[in-house]
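Here's the structure we're looking at; comments come further down.
The values are calculated or read from the model by the stated rules, or taken from the named source; none is laboratory data. Remember, predicted model here, so these are calculated numbers, not experimental data. Cβ atoms come from the backbone with ideal geometry, glycine included; neighbour counts cover every protein chain shown. For accessibility, only protein heavy atoms count, side chains too; no ligands or nucleic acids. Shrake-Rupley method; radii C 1.70, N 1.55, O 1.52, S 1.80 Å.
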Amino acid sequence: MLLFHSLHNILLIPNKGEIMKFTNDVACTHENSAQRNSWRNVIMQVKRKRGGDYTVSSEWLLSSNYIAFYDDNFFTGSRLSCSAMMARHFSKETCVFIPAEIANLFRTSKGSNGLSVGVSIDKKAKGKIFQANVSINGKLVKLGRFKTEKEAADAYSESKREVVLSRINDCLEIYKKEPNAIKSLMRLKEFYK
């Protein structure tokens, strides 16, 4: 059940058998529309359970708390991610705003080929052989061939750490004049060390 009002938005959703109440306690203005939309996106991701069971902190059930986090951490071109911190819980401890080029590394759904992210079928091989691939600076790097999709997905996951650290270093240079970007990127870099 979804209820929206101009000042107090309430969203009731089932989450692990419970009803959670999200309250928008901030009046909608032109200046805060991006923050409110971002908060709504968090709510909708939890509601849809996109990619699995996501949860949200009780603190972020109130929009003003999320908006304060947003204002302290957002920078142009960034996306909110809890997957980057290996979490499925939206909170100030588990989320970080990161550049889109890094956020894309944390897709968790199946690729367009129906296989795990970073996995394809080697069409040149006889039989069904899985190949792990990763994109580094726009170039496709083949990580190897594997008998099972799981083995290929594991190889992709292991290489992702190195790719993430490399992209973080690139982005530190690109966003060097954005204090929030530097703060978020350094937090992510520390997590992946």
Seminar exercise, completed: ALA181: passes all of (1) small (Gly, Ala, Ser); (2) in contact with a helix residue (DSSP H, G or I) (Cβ under 8 Å, 6 or more places away or on another chain); (3) farther than 17 Å from ARG79 by Cα but (3)
Exercise. Right, TYR66: modelled with pLDDT of 90 or more and either surrounded by 15 or more Cβ atoms within 10 Å (Cβ to Cβ) or touching a Leu at 6+ places or on another chain (Cβ under 9 Å) (or both) or not?
Worked result: yes
Seminar exercise, completed: Across the stretch 171-181, the tally of residues that are under 16 Å from GLU101 (Cα atoms) and open to solvent by 70 Å² or more (accessible area, probe 1.4 Å) stands at 3
Exercise. Within the stretch 167-190, can you find the residues that are among the basic types (Lys, Arg) and within 19 Å of the chain's Cα centre (by Cα)?
Worked result: ARG167, LYS183, ARG187, LYS189
Problem set entry | All strands (runs of 3 or more DSSP E) inside the stretch 77-170 with 3 or more residues being open to solvent by 70 Å² or more (accessible area, probe 1.4 Å) | 139-146
